[in-house]
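Quick notes on the structure that follows.
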Amino acid sequence: MSLVKDLHALAKRSRSSDLARFYKTGPGEYGEGDVFIGVVVPDTRLVAKKYIDLSFAELEKVIDSPIHEERLCGLIILTLRYKRDKDEQSRKKIFNFYMKMLRAGHVNNWDLVDVSAPIIGDFLISDPDHMKLLEKLSRSKDLWHRRVAMVFTFAFLRRGITGPTVVIAENLLDDKHDLIHKATGWMLREMGKRDSYLLRSFLKENAPYMPRTALRYSIERLPESERKRWLAIRPKDQSGRRS
């Protein structure tokens with residue numbers, strides 16, 4: 001396939017081992033077994049723009065690849081196409097295809113989630129049952145499903161809709177994985193940029209029970225003196241947040 005050839009022409013073996021370490025591909029790590037060829041993200045985006053009209057059948061082959069950069073390129077193509085194609089039917093096909101790739105286990109690292117979910121999640125805004133899907137994903141045993149649930153809410157925040165972020169963040173506060181703590185804190189921080197009162201209300205209720213990482217991420221944009229006050233609140237019992 002031409003896309004694959006173009007990507008591999010940009011690969012640098014010297015980068016691949018560094019990327020593999022950065023994305024935790026060792027035994028027992030969250031990215032175990034993932035394969036990198038050493039293509040930087042800006043180059044991957046250039047290739048994606050070139051192949052934006054790739055068929056879904058060809059895209060599936062790309063996103064089904066064991067090569068991380070190939071999967072990333074395919075997902076970037078989906079986001080570019082979603083932004084370009086404004087009609088509901090086209091966007092529905094893109095969203096359904098994305099969910100198919102997620103359920104097949106191909107959206108399986110944090111960068112793959114973060115580059116795609118904030119864009120593709122926009123489709124859910126017009127779905128009256130969007131909370132049903134978000135909550136189902138947030139309760140999944142699959143790490144990446146849970147992260148997608150949280151990062152999907154970024155699309156809502158960009159439209160000024162804060163409710164889904166609050167609900168999914170609350171669902172995930174007891175999560176044990178650091179990557180979920182980071183995503184939760186990130187989305188709360190983004191919510192706070194748009195509604196600082198709501199963020200403070202959330203913190204007032206939940207800060208004593210929040211994972212430290214989630215708390216630190218969520219308050220990054222607050223004044224330093226206020227950050228210190230929130231961080232001084234020690235977790236009470238993260239295993240039983242609410243009685």
### Query
What is the spread of the Cα atoms of the stretch 127-243 along each of their three principal axes, largest first, in whole Å?
40, 31, 24
### Task
Taking the Cβ of each residue in 101, 1, 210 as the centre, tally the other Cβ atoms inside 10 Å and list the residues starting with the fewest.
1, 101, 210
## Note on the structure
Ordered by fewest other Cβ atoms within 10 Å, a rough proxy for footprinting exposure, 68, 177 read 177, 68
### Query
Treating the beta-carbon of each Lys and Arg as +1 and of each Asp and Glu as -1, no other charges, what is the dipole magnitude of the chain about its Cα centre, to the nearest 20 debye?
620 debye
#### Entry: chymotrypsin sites (Phe, Trp or Tyr not before Pro) lying in DSSP loop within the stretch 65-117, provided at most 13 other Cβ fall within 10 Å
none
### Task
Find the relative contact order for the chain and round it to a whole percent, using C-alpha pairs within less than 8 Å whose residues are 6+ positions apart.
11 percent
#### Entry: Sequence-distant residues sharing a close amide H with residue 35 (under 5 Å, placed H)
68
### Query
Angle, helix 68-84 long axis vs. longest principal axis of the chain, Cα atoms, 0 to 90°, nearest 10?
80 degrees
### Message
Strictly over 20 Å apart at the Cα level, which of 49/86; 24/136; 83/141; 86/136; 24/182; 141/176 would you flag in this model?
### Response
24/136; 83/141; 86/136
### Query
Taking only DSSP H segments of four or more residues, each worth -39500 (n - 2.57), what value at 222 nm results for the chain once the sum is divided by all its residues, to the nearest 500 deg cm²/dmol?
-20000 deg cm²/dmol
### Summary
In the neighbourhood of residue 221 defined by beta carbon distances under 14 Å, the net charge of the other residues (Lys, Arg +1; Asp, Glu -1) is +1
### Message
For a quick check, take a GNM of the chain with Cα springs below 10 Å and name the residue from 175, 122, 34 with the largest mean-square fluctuation.
### Response
34
### Message
Over the stretch 1-63, what portion of Cα pair distances is larger than 14 Å, expressed as a whole percent?
### Response
62 percent
### Task
Based on alpha-carbon positions alone, could you give the equivalent ellipsoid semi-axes of the stretch 37-100 from the gyration tensor, as √(5λ), descending, whole Å?
20, 13, 8
### Query
Using the Cα atoms as the points, what is the convex hull volume per residue of the stretch 108-173 in Å³?
72 Å³
### Summary
At 37 °C in a medium of viscosity 0.692 mPa s, the stretch 1-123 has a Stokes-Einstein diffusion coefficient, with Rh taken as the Kirkwood radius over alpha carbon pairs, in µm² per second, of 225 µm²/s
### Task
Within 10 Å of each residue's Cβ, count the other Cβ atoms and sort 51, 197 from fewest upward.
197, 51
#### Entry: Normalised contact order of the stretch 127-243, rounded percent, pairs of Cα under 8 Å and 6 or more residues apart
21 percent
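Read the figures in this text as sums done on the coordinates, not as results from a lab. Because the structure is a prediction, the values reported are computed rather than measured. Cβ coordinates were reconstructed from backbone atoms using ideal geometry, including for glycine residues, and neighbour counts include every protein chain displayed.
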